[in-house]
Structure formats: C-alpha cells, structure tokens
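Everything below concerns the one structure shown next.
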Amino acid sequence: MGRKLRTSDRLRPVDLAREHGLSTQAVRNYEADGILPAAERGPHGYRTYTPRHAQALRAFLALVPGHGHATATSIMGAVNRGAVEEALRLVDESHAELLDDRRTLQAVTAALRELEPVPQERGEVFVGPLSRKLGVRPATLREWERAGLLRPGRDPRTGYRVYSAADVRDAKLTHQLRRGGYLLERIAPLIEQVRSAGGVVPLESTLRDWHDRLAARGRAMLSGAAALDTYLGGATAGTFGTMTLPRN
C-alpha cells in the first residue's frame, strides 16, 4: 500500500473476524490464500489490516454461496493480483454453469412429465419390440445397459433380455434426455434417483427442491456481484492500490 496509515484505518485480525463470526486464524488463512491483500506488518511483526481488507473479506464471503469456496477464492485471488479480466471470466463461467443447470432441470422436468405411470402388471418386453418402440437400435439399448441405465432380466427359457415396465420407463427417459443432447454419465444419476424414489411421482418434491436451490444460487450470485463491484469500486477511486481494470 505504501502510505502511512491513519489510526482509524488500522484494523486487527480480530476486528475483521468479529464482523463475520470467524476466528482470527481463518482471517490469516484467507490472507495466505490470496483472498485478502497482503497485510502490512507493524514494528513488532503484527498484521495491520485496513478497510480495504474488510471489504475484500465481505466480497469473498458474499461470493461463496453463489460460486462456491474454490471459485470465490480464485475470483478474489485474481482481483488482488490485478487480473480483473480473469476474475470477471470466472464469474461468467459460474453464471454459464448455472444456466446449464437450469436447462438440465427444464429438460428433466419435461421428460418426466411425458412418462406414463408404470403399470402394475408385469408387461415385460424383449429387446426387439422395445427398440422399435423407441426408434433406436438394439445395440443402443445394450449400450445403455452397460452404462447402468437399464437393468433387464433374462428369459429363463431363452436367455434373451427382457425389460420390465420399470426398465421401459427408464429407457424412455434415457431416450428423451439423449435427444436433448445429454451424455449418459449425466443421465445415470437421474435414473438412479427415479429408481430410489420408486417412480416419477415421488421425484416431484426433489425437482421443486432442485428449482429452489437454483433460484437461491442465482440470488446469491447477485449479492456476490454487488459486493465484488463495491470492492472493485475502491480500486477506481484509488483507495485500493494498483489494479488493472478492463477498458470499455
């Protein structure tokens, strides 16, 4: 920082920690991780923080709920290195990830709504009729089986694969999501949730919870952006030392 601090500018680790219910060790760890700018040291080696450090800590803690600890750490580290463009790119990537999660939820919700309830009777079918019903090759069904998406049994007389009503449901859901461009490894956890829940209807509460968590994450990103903008605003005012801000 290179300037003599006024007494009113001097803050101790405990001053920063107390505002957020943190330990002083946590504050020191945040500094070591680059989340806070490096503190000046007094004549006896004690850290001396400033309002700049307090705002950095507020920005970081506001970023964590929306972006996660690791990304928030990277964002603040980039800002404190003067690499604001990199920090903004990281923010953009988090927003893109959230948008992708929203699209996934929409696709899953739409796919589940199109599924019919699993009939109570056995209703087992062989690979040929099922592949024709879905408009896929039998080899595709075997690929889905290898990925754990389908679990057909075997006919005791012929040894051929037989698909239960639940298998048919899972095959339809997989087919719809594959048409939406989703990879098998992304579909597998959903299929497992459907099985664990005992069908599609019990998943409605899970989907609502998923929606609520995405909405909360979006709001948290807004709060984080406001705190980060306040921190960056200190740089433009000349109070935060030297940072490289993007040009318009």
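Values quoted throughout were computed directly from the atomic coordinates according to the rules given, and no laboratory measurement underlies them. Quick caveat: nothing in here was measured; it's all calculated off a predicted structure. Don't worry about glycine lacking a Cβ; one is built from the backbone with ideal geometry, like all the others, and counts go over all protein chains shown.
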Percent antiparallel among DSSP beta bridges with both residues in the chain, to the nearest 5?
90 percent
Can you list the HN-Hα couplings for the stretch 61-77, worked out from phi with the Karplus curve (6.51, -1.76, 1.60; θ = phi - 60°), rounded to whole Hz and with x for Gly and Pro?
5, 6, 6, 4, x, x, 10, x, 4, 5, 5, 4, 4, 5, 4, 5, x
For the stretch 146-156, in residue order, the Karplus 3J(HN,Hα) values (coefficients 6.51, -1.76, 1.60; θ = phi - 60°; whole Hz; Gly and Pro = x) are 4, 7, x, 7, 10, 9, x, x, 10, 5, x
Using only the alpha-carbon atoms of the stretch 116-199, report the extent along each of the three principal axes, biggest first, to the nearest angstrom.
36, 27, 20
State to the nearest 20 debye the size of the charge dipole of the chain about its Cα centre, where the only charges are +1 on K and R beta carbons and -1 on D and E beta carbons.
200 debye
Under 5 Å between amide H atoms, partner at least 5 residues away or on a different chain: which partners does Glu40 have, H built in plane at 1.01 Å?
Thr48
What distance in nm separates the simple spin-label points at Ala96 and Asp15, each placed 7 Å from Cα in the Cβ direction?
4.1 nm
Check Leu11: other-chain or 5+ apart residues with amide H under 5 Å from its amide H, H built from backbone geometry?
Tyr49, Thr50
Using a simple charge model, +1 on the beta-carbon of Lys and Arg, -1 on the beta-carbon of Asp and Glu, nothing else, what dipole does the stretch 116-199 show about its Cα centre, in debye to the nearest 20?
260 debye
Once phi is turned into θ = phi - 60°, what whole-Hz ³J(HN,Hα) does the Karplus curve with 6.51, -1.76 and 1.60 give for every residue of the stretch 219-229, x standing for Gly and Pro?
5, 5, 5, 5, 4, x, 5, 5, 5, 5, 5
In the chain, taking the dipole from +1 charges on Lys and Arg beta carbons and -1 charges on Asp and Glu beta carbons about the Cα centre, the listed residue (Ala188, Ala139, Met76) farthest towards the positive end is Met76
Between the Cα axis of helix 165-179 and the main Cα principal axis of the chain, the angle (0 to 90°, nearest 10) is 50 degrees
Given a Förster distance of 25 Å, the FRET efficiency implied by the Cβ-Cβ spacing of His211 and Glu143, rounded to the nearest 0.05, works out to 0.20
If amide hydrogens are placed 1.01 Å from N in the peptide plane, which non-local residues have theirs closer than 5 Å to the one on Val162?
Gly153, Arg154, Asp155
